[in-house]
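Enquirer: One structure is given below, represented as C-alpha cells, and several questions about it will come after.
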Amino acid sequence: MPPNARILIVDDHEDTLYALESALAPLGHLLGRATSGDEALKQLLRGNVGLLLLDVRQPGTGGLDVVRYMRRLEQTQLIPVVLLTGFARDPQLGAAAYALGVADLVTKPVDPWALRTKIRHLYDAHQRRLALEREVRALRARLEERNPAPGRPALPHPHAHTPPGGPAGAHTGELERDRT
C-alpha cells in the first residue's frame, strides 16, 4: 500500500459523510467516500485504503459484515477500522466489533477533534507498520543475496511469537548475548 493511502469514510447519509469529511480534512490525507457496505468493499478490494471509518448500520451489507469480509482477505485484514454508531453503546455490538479487531467504536454525534486525533494516530501507526514490513522484506532479500542458506531463514519471521512465559528475545539468543 502506498504511503498516500486514503481514509475511506462509509455512511449512507450524505450529510454525515460531509460532516466526517470536514472533520478529517485538516489531517491532509486523501479521503474517499462510499454510501454502502457493498461500495466500501469494492473500494477496499481496489486497494489504496489506509483506514476505514465505517457506519455500523447501513442498508444491505452492514458495517460488521464488511469487517468480517475484510478480515478474511490478506489484502485487507490489517486495515484499521473505526466503527460509527448512531445508537447508544450496545455491549453486544461492542463485543462483536472488538472480536473482529475493530480499533474503536464511536457513537454519533462525533466530536470532530477527538475523531481527528484518533484517526491520525491509527492511520500513522498503520503506515509506520507497513513501512517497517517493507524494510524487513528488503533487508531479508539483501541478506539472502549475500548468504544463501537453503532451508533456514536468515532472520526470525517478524510475526514470530515469544514462547509463553519467556521474555522477548529468548527464542533468538539475544538475552544470552546481553548478559555477557
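The values are calculated or read from the model by the stated rules, or taken from the named source; none is laboratory data. Because the structure is a prediction, the values reported are computed rather than measured. Don't worry about glycine lacking a Cβ; one is built from the backbone with ideal geometry, like all the others, and counts go over all protein chains shown. To get the accessible areas, we keep the full protein, side chains included, count just its heavy atoms, and leave off ligands, DNA and RNA. Shrake-Rupley method; radii C 1.70, N 1.55, O 1.52, S 1.80 Å.
Enquirer: Roughly how many nanometres apart are two label points built 7 Å out from the Cα toward the Cβ at residue 73 and residue 99?
Expert: For residue 73 paired with residue 99, the spin-label model returns 2.3 nm.
Enquirer: Moving on to the next point. Keeping all protein chains in place and using 1.4 angstrom, which order do 108, 118, 42 fall into by accessible surface area, from largest down?
Expert: Per-residue accessible area, sorted high to low, gives 42, 118, 108.
Enquirer: At most 10 other Cβ atoms within 10 Å and a DSSP loop assignment: could you name the GluC sites (Glu not before Pro) in the stretch 67-143 that fit? List each step's numbers first, then the result.
Expert: On the way: sites: 74, 133, 135; in loops: 74.
Taking the stretch 67-143 and a limit of 10 other Cβ atoms within 10 Å, the loop GluC sites (Glu not before Pro) found are 74.
Enquirer: Something else: For a test of the definition: using alpha carbon positions, the gyration tensor, and the 1.5 limit on a/c, classify the stretch 1-132 as rounded, prolate or oblate.
Expert: Rounded shape, in that the Cα axes give a/c under 1.5.
Enquirer: Sticking with this one: Students often get this wrong: which residues of the stretch 86-105 have the backbone nitrogen under 20 Å from the point 7 angstrom along Cα-to-C-beta of residue 136?
Expert: Inside the label zone: 101.
Enquirer: With a/c under 1.5 counting as rounded, go ahead and sort the stretch 64-142 into rounded, prolate or oblate using the C-alpha gyration tensor (a ≥ b ≥ c being the square roots of the eigenvalues; past the cut-off, prolate if a/b is larger than b/c, else oblate). Mind dumping the intermediate values first?
Expert: On the way: a/c = 3.73, a/b = 1.73, b/c = 2.16.
Oblate.
Enquirer: Now for a separate question. If you keep only loop residues by DSSP, which chymotrypsin sites (Phe, Trp or Tyr not before Pro) in the stretch 70-122 have at most 14 other Cβ atoms within 10 Å of their Cβ? Intermediate results must be reported in sequence, preceding the final value.
Expert: Working: sites: 87, 98, 113; in loops: 87.
Qualifying residues, ordered by number: 87.
Enquirer: A follow-up question, please. Suppose R0 equals 35 Å. What FRET efficiency, 1/(1 + (r/R0)^6) with r the Cβ-Cβ distance, do residue 113 and residue 92 give to the nearest 0.05?
Expert: With R0 = 35 Å, the Cβ-Cβ based efficiency is 0.75.
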